[in-house]
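The block underneath contains the structure these notes are about, expressed in structure tokens.
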Amino acid sequence: MDIGLLDTAVEPIAALKRAHITRKTFLRPDDRAAESAHGTALAALLVGEDIAAGFRGIAHGCILHAAEV
């Protein structure tokens, strides 16, 4: 199953290491990007995984299409 996320950028973090994520930015060259913490956090809640903590995102196993807007 594929899901989408329209938010800030999604950064590569440990919890997203095994997730399938496509990323595309829709910012123009003269746009200033927002901090990426929010988009990254939402991506982790959706498709992330932390085995040591026993955490799996609510859409674990899905392909996430992340659009930076």
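Filtering segment 2-24 down to residues that are of a type in the set (G, A, S) and surrounded by fewer than 17 Cβ atoms within 10 Å (Cβ to Cβ), which residue is farthest from L42 (Cα to Cα)? Checking each candidate, the answer is A14. For segment 36-63, a residue qualifies if it is over 15 Å from L5 (Cβ atoms), surrounded by 10 or more Cβ atoms within 10 Å (Cβ to Cβ) and of a type outside the set (G, A, S), and the qualifying residues are E49, D50, F55, R56.
Bear in mind these aren't lab numbers, they're just calculated from the coordinates by the rules spelled out. On a predicted model such as this, the values are computed, not experimentally measured, just so you know. Please note: Cβ atoms are built from the backbone with ideal geometry, for glycine as well, and neighbour counts cover all protein chains shown.
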